Amino acid sequence: YQELAFAVSKMARAWMVNGKPYEIRVSLYGELKQYSRYLVPPIVAGAAATDKITDAATAEELLKTQGIALNVREADDSKGYGESITVDLIAGDSDLHRISIRGTVVDGNVIISRIDSFDKLYYDASGHSVIFMYEDRPGVLAEITQAVASEGVNIEDIRSPHNASAGRSIAILKVNSAVSSETVAKLNESLKSQDGFSVSI
């Protein structure tokens with residue numbers, strides 16, 4: 001679950017392409033809420049883009065030096081999320097940017113179950129991923145997979161749910177090696193994506 005805490009937070013941090021978060025909101029569900037002293041440090045490490053946090057005191061010091069507020073909220077277990085962790089990161093000033101990610105552990109695997117309004121993802125967060133959020137239209141997924149394949153990168157898994165009410169889709173590709181920043185930048189431009197990045201966990 002410490003690995004889960006780090007993975008959920010690091011993936012959320014990867015969405016903050018244009019700045020660092022000023023607030024971390026954490027919800028620990030089920031039995032996990034009693035272990036916040038062990039789970040908060042890896043969450044702070046992921047959100048602060050560092051792997052050097054090993055205890056609560058170091059986490060608290062880093063939050064102070066980076067000016068990040070931490071809010072461990074009371075989780076509502078009636079929602080039925082089991083033993084899971086939700087991390088919300090908030091960045092920006094006049095133009096707020098918020099991302100919310102939930103994850104859990106299934107059969108010993110770190111699984112991302114929700115990204116913002118995209119639920120039931122059940123996506124293995126380990127290794128390398130490339131992620132795009134975009135306005136839904138035909139041909140986008142084919143364009144992404146072709147660009148990734150042109151680098152000689154093999155796609156191991158794809159999740160591409162659609163949010164009808166928002167008119168948005170998300171493409172999550174688990175790949176066998178990192179996709180170059182150049183390819184991600186070109187895809188972001190051609191797709192006119194709301195968000196697009198690669199992340200390795």
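The values are calculated or read from the model by the stated rules, or taken from the named source; none is laboratory data. Keep in mind that this is a model prediction, so the values were computed, not measured. Please note: Cβ atoms are built from the backbone with ideal geometry, for glycine as well, and neighbour counts cover all protein chains shown. Side chains are part of the model used for accessible areas, which takes the heavy atoms of the whole protein and leaves out ligands, DNA and RNA. Shrake-Rupley method; radii C 1.70, N 1.55, O 1.52, S 1.80 Å.
A few points about this structure:
- Qualifying lysines (Cα of each under 20 Å from Cα of Lys186; at least 8 residues distant if same chain): Lys174
- Rounded to the nearest 20, the Cβ-based charge dipole of the chain about its Cα centre (Lys and Arg +1, Asp and Glu -1) stands at 180 debye.
- Rolling a 1.4 Å probe over the protein heavy atoms of the chain, with every protein chain left in place, gives an accessible area that is 47 percent carbon and sulfur.
- Principal-axis tilt of helix 2-14 within the chain, Cα atoms, nearest 10 degrees: 50
- Taking a straight Cα-Cα cut-off under 17 Å and skipping sequence neighbours fewer than 8 places away in the same chain, the lysines within cross-link reach of Lys52 are Lys10, Lys64.
- Taking 0.36 nm per residue of sequence separation and removing the Cα-Cα distance, the Ala142/Arg73 pair yields an extension gain of 20.8 nm.
- Principal axis box of the stretch 29-150, alpha-carbon based, largest edge first, Å: 48, 34, 29
- For peptides 155-163, 130-138, sequence by mean Cβ density within 10 Å, most packed first: 130-138, 155-163
- Along its first, second and third principal axes, ordered by size, the stretch 80-122 spans 42, 18, 15 Å in Cα coordinates.
- For the chain, the relative contact order comes to 21 percent (Cα pairs under 8 Å, sequence separation of at least 6).
- Only one residue of Gly127, Val44, Ala7 has its Cα farthest out toward the positive end of the dipole of the chain, where Lys and Arg carry +1 and Asp and Glu -1 on Cβ, and that residue is Val44.
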